[in-house]
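Below is one structure, written out as structure tokens; the observations come after it.
The values are calculated or read from the model by the stated rules, or taken from the named source; none is laboratory data. Please read all numbers here as calculations on a predicted model, not as lab measurements. Positions of Cβ are backbone-derived with ideal geometry, glycine not excepted, and every protein chain shown enters the neighbour counts. Each accessible area value is taken on the protein alone, full model and side chains, heavy atoms only, with ligands, DNA and RNA left out. Shrake-Rupley method; radii C 1.70, N 1.55, O 1.52, S 1.80 Å.
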Amino acid sequence: MTLPHLYILTGASRGMGRAMAEQLVQPGVHLVGISRHADPALAAQAAAQGAALEQWAHDLQDAGPAVRQLQQRLATGGAPWSGATLINNAGMIPAVVPLRDAGDEDTARALRVGLEAAIRLTSAFLGATRGWTVPRRVLNISSGLGRRPMASQSAYCAAKAGMDMFTRCAALDEARLPHGARLCALAPGVIDTGMQQHLRSADAGAFPDRSRFTALRAEHRLLSPQDAAARVLAYLARPDFGAEPVADVRD
Ligand SMILES: NC(=O)c1ccc[n+]([C@@H]2O[C@H](COP(=O)([O-])OP(=O)(O)OC[C@H]3O[C@@H](n4cnc5c(N)ncnc54)[C@H](OP(=O)(O)O)[C@@H]3O)[C@@H](O)[C@H]2O)c1
């Protein structure tokens, strides 16, 4: 009997995360989706496909409960998997304004969801699965905006830059182990989701790059969530996944 592969995916409810969840639910997969709300339609799809699905409702502004549930789940579930993968996909862009105008809670939320939850879940995953000999991977969904600055994007850019750096550091830690996990912070391209809508609807006076995002849509240069998810999952499946701990799916 082939053992299932365990996937843990944050932000499985909307956008590219939802598309990844739809593509992952298939026989041979056990998916744990983490979002603020459970999704009955995804549960129905998983049941129809013969895939195992758990949906955990957590607000990743406070990652503690999700971290503890993950530690407990992995503590009892080490043996029956053919491999285990954590995908930190959840993220948010706060109000698109200069940092001097940003609300403190809004800034904190973007950093907590985009960076703190990702690093804490990665730590919990690597700690709870240490010593497992099956393949383990961590895919952190980053952004080109973690690699180049943009006005009115301080918290989002900082969260993604931080994600790139902790991925690099943890990859060095894991490389010293006989069966260390492989990690990659991957920029997924520009995707037609609510996040892009949020950028296009920003005040042009506060956001000098707004016209760039408007043009991307007008020129049909956005990836559909389904296309983006397929590309990202194909990258995740590459034999050389993790050889570059910071990468771009377009490379
Ligand atoms: N769209 C792009 O062009 C683009 C480009 C580069 C990188 N990315 C990155 O790709 C990833 C997916 O982006 P997307 O465009 O698909 O975004 P999206 O459509 O806005 O979806 C964001 C996901 O994150 C979850 N999330 C947000 N706040 C949360 C919270 N407090 N607790 C738990 N989950 C929360 C959302 O779940 P809820 O339903 O709970 O809100 C949703 O599932 C993000 O990391 C983003 O930074 C996107």
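Structure data summary
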{"item": "Residue check for residue 97: open to solvent by less than 30 Å² (accessible area, probe 1.4 Å), among the hydrophobic types (A, V, I, L, M, F, W, C) and in contact (Cβ under 8 Å) with a residue 12 or more places away in the chain", "result": "no"}
{"item": "Boolean, residue 73 is open to solvent by 50 Å² or more (accessible area, probe 1.4 Å) and more than 16 Å from residue 132 (Cβ to Cβ)", "result": "no"}
{"item": "The stretch 8-28, residues that are touching a His at 6+ places or on another chain (Cβ under 7 Å), under 19 Å from residue 74 (Cα atoms) and buried (at least 19 other Cβ atoms within 10 Å of the Cβ)", "result": "none"}
{"item": "Qualifying positions in the stretch 192-234 - under 30 Å from residue 86 (Cβ atoms), among the hydrophobic types (A, V, I, L, M, F, W, C) and more than 11 Å from the ligand (Cβ to nearest atom)", "result": "230, 233, 234"}
{"item": "Filtered residues of the stretch 117-133 (kept if free of Cβ contacts under 8 Å to residues at least 60 places away in the same chain and either of a type in the set (Gly, Ala, Ser) or surrounded by fewer than 19 Cβ atoms within 10 Å (Cβ to Cβ) (or both))", "result": "120, 123, 124, 127, 128, 130, 131, 132, 133"}
{"item": "Leading residue by the ranking (farthest from residue 6 (Cα to Cα)) among those in the stretch 127-161 that are among the aliphatic types (A, V, I, L, M) and out of contact with any strand residue (DSSP E or B) (no Cβ under 7 Å at 6 or more places or on another chain)", "result": "151"}
{"item": "In the stretch 136-145, the residues that are in contact (Cβ under 8 Å) with a residue 40 or more places away in the chain and open to solvent by less than 20 Å² (accessible area, probe 1.4 Å)", "result": "136, 138, 139, 140, 141, 142, 143"}
{"item": "Failed item in (1) touching a His at 6+ places or on another chain (Cβ under 6 Å); (2) within 13 Å of the ligand (Cβ to nearest atom), with residue 133 passing the rest", "result": "(2)"}
{"item": "Helices (runs of 4 or more DSSP H) wholly inside the stretch 1-111 that include at least 3 residues being among the hydrophobic types (A, V, I, L, M, F, W, C), near the ligand (Cβ under 10 Å from one of its atoms) and in contact with a helix residue (DSSP H, G or I) (Cβ under 6 Å, 6 or more places away or on another chain)", "result": "15-24"}
{"item": "Of all residues in the stretch 169-191 being over 16 Å from the mean Cα position of the chain (by Cα) and of a type outside the set (Gly, Ala, Ser), the one that is nearest to the ligand (Cβ to nearest atom)", "result": "169"}
